[in-house]
Amino acid sequence: MRIGAHVRDSSDPLGTAEALGVDLVQMFLTDPQKWNKLEPHPQGEALLNGSVDVVVHSSYVLNVASLNNRIRIPSRKAVVEQAAAAAEIGAIGLVVHGGHVREGEDTAKGIDNWRKLFERQAEQGGFGVPIFVENTAGGDSAMARHFDDIARLWDAIGEFGAGFCLDTCHAWAGGEDLVDVVDRIKAITGRIDLVHLNNSRDEFDSARDRHANLGTGTIDAEILTAVALAADAPVILETPPEGIEDDVRLLKSL
């Protein structure tokens with residue numbers, strides 16, 4: 001199992017990796033809540049040539065599925081740009097949330113917008129790194145909350161080599177049982193490229209995305225570790241910093 005962590009200080013991911021004893025880090029390349037222009041990363045060369053693998057998480061403001069041109073068009077551009085920047089530091093993939101349409105809008109159009117992103121970029125030679133679409137926790141108009149919606153999304157984008165990132169907190173909060181989650185997702189996508197292994201502060205089907213450390217949330221820690229083992233994919237912890245060292249130790253004990 002390759003164990004990693006999301007780094008809060010994106011300016012020094014290598015320092016965080018060393019402090020936690022992990023060989024994989026996830027990071028943002030820009031402020032996740034803004035549409036800021038990308039700048040070269042200060043550790044870019046070291047990340048590219050080092051032994052620590054990198055996953056880049058795209059900005060939270062992106063929503064490829066949106067029917068609003070003012071959101072969808074810059075989101076498409078940002079996915080392409082952030083994937084290119086991720087390639088420059090040797091990242092293994094770019095995580096992008098599934099996104100949503102507004103209440104009352106047709107979710108099929110949101111799925112079609114995802115397909116258009118992959119179709120158009122395929123004509124340009126593809127993305128700089130693989131795109132890992134991540135399941136989300138809330139919203140009945142989301143593209144990737146419920147697994148039947150993910151199946152419809154994969155019918156549209158799977159042929160383009162889209163990757164999948166399974167977030168355990170999101171699945172739990174979204175109302176999906178974790179006991180057989182790996183088998184059910186692989187039956188849909190054929191793959192799990194990355195696992196965000198997070199416990200949840202909230203109850204099952206709460207639609208709330210609030211992460212907890214592996215041994216302290218509402219999900220049985222044994223279920224979480226079983227998911228990590230079954231997925232056969234790199235694991236990223238996005239758990240609270242005060243307990244993440246214990247989370248790393250737990251996974252290493254497996």
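The values are calculated or read from the model by the stated rules, or taken from the named source; none is laboratory data. Note that this is a predicted model, so its numbers are computed, not measured. Neighbour counts run over all protein chains shown; Cβ positions are idealised from the backbone, glycine included. Areas reflect the complete protein model, heavy atoms only, side chains present, ligands, DNA and RNA absent. Shrake-Rupley method; radii C 1.70, N 1.55, O 1.52, S 1.80 Å.
Observations on the structure shown:
- The range 78-209, accessible surface, carbon-and-sulfur percent (1.4 angstrom probe): 43
- Given R0 = 22 Å, the distance between the Cβ atoms of Ala122 and Arg191 translates into a calculated FRET efficiency of 0.75.
- Estimated [θ] at 222 nm from DSSP helical runs (n ≥ 4, -39500 (n - 2.57)) normalised by residues in the chain, nearest 500: -11500 deg cm²/dmol
- Mean separation of Cα contacts under 8 Å, 6 or more apart, over the residue count of the chain: relative contact order %: 17
- In this structure, the amide hydrogen of Leu194, modeled 1.01 Å from its nitrogen in the peptide plane, lies closer than 5 angstrom to those of Phe164, Leu166, counting only residues at least 5 positions away or on a different chain.
- Taking Lys and Arg as +1 and Asp and Glu as -1, the other residues whose beta-carbon sits under 11 Å from that of Asp205 total -2.
- For the chain, the antiparallel share of DSSP beta bridges with both residues in that region comes to about 10%.
- Each peptide in 166-176, 20-30, 118-128 was scored by the mean count of other Cβ atoms within 10 Å over its residues; highest first, the order is 166-176, 20-30, 118-128.
- Gyration tensor verdict on the range 72-130 (Cα atoms; rounded if a/c is under 1.5, prolate if a/b is larger than b/c, oblate otherwise): prolate
- Potential lengthening of the chain between Ala84 and Ala207 amounts to 41.1 nm, from the contour at 0.36 nm per residue minus the alpha-carbon distance.
- Among Val227, Phe160, Ile244 the positive-end extreme of the charge dipole of the chain (Cβ point charges): Phe160
- Packing-based ranking of 65-76, 80-91 yields 80-91, 65-76, ordered from highest to lowest mean Cβ neighbour count within 10 Å.
- Which of Val7, Val182, Val79, positive extreme of dipole for the chain (C-beta unit charges): Val79
- Ligands, DNA and RNA are left out, and with a 1.4 angstrom probe the accessible area of the chain is 44 Å² per residue.
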